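The values are calculated or read from the model by the stated rules, or taken from the named source; none is laboratory data. A quick note: this is a predicted structure, and the numbers were derived from the prediction, not measured. Counting neighbours? That spans all protein chains shown, and the Cβs are built from the backbone with ideal geometry, glycine included.
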């Protein structure tokens, strides 16, 4: 009887040996290919936009503020609020009173009379508010303290409470004039993406709630004003746009803040990789111990509770960090600077031309072999389109106020609402305001005894006739605010 052997034949051993050699050579070639691509790349890096360069302007240190900088006055007020008992609770009025006044004209609570008097009439607040508006330098610090944020709330509350005071005395024109000051204050906080600390979760919609709504309410429901007063207010409101920062300057400022925090992105943090592997090892050990406990429990027929076990899949994150670290270590530092500079200059050029900002498209080849760490470094830069969209929405609210007051002036002069916005020109407006979204004139339609005014918004679509006023609001009606 012949024995069956399990030894590998010489020919099979040779095939196996040649296969291992071929596999090793292929792996070596692939590693060289990847390393060359990670360091030198296979496609040229983008070039900067013609005649557009990004000059990093570091945010001012907190000790470098001067009176010609608007944020100097914010710090001055914050210093005063630290030692004043009223100042330490000043934001109570903003959150508990002003929204109600903006919506319906409800007067502030009498229980807060002393605090309201301090906010409205304290000469120090008036000095800081006027200094904030008059300052010519608007370069902000890299970050704001909680006290400075509260000081910002105090300044806008000061402006709005002065408008409340004028309305209480029956001076509608005076109240609208104070709201123009509030608009000028908000213009320095545009776009909201740059100063998110001063806005709640509503973002730019907060401007609509506390500034635009009371303006439209007073313009629609307040006493009739003389034509010359209406024209003066319309001119002052149109001039508010002069305080808006240019979009390219706002983006350059936001990018500078990011670059200051991420000064040397090409330096690899190996400690993070080691920590990820240690954590994965501990979790895999915990999984192994749990499997042993389950197996022992089943042997003893105790029916232990079975919990999910990740096992080797826990190595996915540390392995990904290791590959990313190798890519960063291989990339040349100059490539990081070049790709970021080119991307920033192209974005600034697009914003100056009012064109869509460039977007980065990475296919699988660039993701893995063509300088992936360099291209990935662009992701830390702030997106440009949210800045544009928020400023456009802000302008929608500003123009809704201008149009509302002009429409009211037309009705008082002619006894009816106009059939077209063109009828407001040139008696009330030099031209029909363009919709910030798309550049075409605002939509307008008579609706019963009133009218309906709208912006096409980021989607570029005309709102349906029955569309409600949603956030962000793009539809305005004569019977609403």
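Inspect all residues belonging to region 60-79 and state whether any of them is surrounded by 15 or more Cβ atoms within 10 Å (Cβ to Cβ), farther than 27 Å from residue 131 by Cα and modelled with pLDDT of 75 or more. No, region 60-79 contains no residue that is surrounded by 15 or more Cβ atoms within 10 Å (Cβ to Cβ), farther than 27 Å from residue 131 by Cα and modelled with pLDDT of 75 or more.
Specify which of the listed residues (189, 161) is under 20 Å from residue 391 (Cβ atoms) and at pLDDT below 90.
On the way: 161 fails: under 20 Å from residue 391 (Cβ atoms).
189 is the lone residue from the list that is under 20 Å from residue 391 (Cβ atoms) and at pLDDT below 90.
Looking across region 384-428, the residues that are in a helix (DSSP H, G or I), closer than 22 Å to residue 456 by Cβ and free of Cβ contacts under 8 Å to residues at least 24 places away in the same chain come down to 421, 422, 423, 424. Scanning region 1-40 for residues that are outside any helix (DSSP H, G or I) and modelled with pLDDT under 90 yields 1, 2, 3, 4, 5, 6, 7, 8, 9.
Given 133, 161, 117, 139, which one is assigned by TED's automatic domain parsing to the domain that holds residue 87 and crowded, with 19+ Cβ neighbours inside 10 Å?
Details: 133 fails: crowded, with 19+ Cβ neighbours inside 10 Å; 117 fails: crowded, with 19+ Cβ neighbours inside 10 Å; 139 fails: crowded, with 19+ Cβ neighbours inside 10 Å.
On inspection, the qualifying residue turns out to be 161.
Quick check: anything in region 208-217 assigned to a helix (DSSP H, G or I) and touching a strand residue (DSSP E or B) at 6+ places or on another chain (Cβ under 8 Å)? Yes - at least one qualifying residue is present in region 208-217.
In the set 335, 354, 349, 370, which member is under 30 Å from residue 209 (Cβ atoms) and not assigned by TED's automatic domain parsing to the domain that holds residue 237? Before you say what the answer is, go through the steps one by one.
Details: 335 fails: under 30 Å from residue 209 (Cβ atoms); 349 fails: under 30 Å from residue 209 (Cβ atoms); 370 fails: under 30 Å from residue 209 (Cβ atoms).
Exactly one of 335, 354, 349, 370 is under 30 Å from residue 209 (Cβ atoms) and not assigned by TED's automatic domain parsing to the domain that holds residue 237, namely 354.
Counting only residues that are under 30 Å from the mean Cα position of the chain (by Cα) and modelled with pLDDT under 80, region 97-138 holds 8 of them. Say we look at region 326-380 and pick out the residues that are surrounded by 20 or more Cβ atoms within 10 Å (Cβ to Cβ) and part of a loop (DSSP other than H, G, I, E, B); which of these is farthest from the chain's Cα centre (by Cα)? My answer is 331.
Determine, yes or no, whether residue 408 is within 25 Å of residue 240 (Cβ to Cβ), assigned by TED's automatic domain parsing to the domain that holds residue 214 and either surrounded by 17 or more Cβ atoms within 10 Å (Cβ to Cβ) or modelled with pLDDT under 95 (or both).
Numbers: within 25 Å of residue 240 (Cβ to Cβ): yes; assigned by TED's automatic domain parsing to the domain that holds residue 214: yes; either surrounded by 17 or more Cβ atoms within 10 Å (Cβ to Cβ) or modelled with pLDDT under 95 (or both): yes.
Judged against the criteria, residue 408 is a match.
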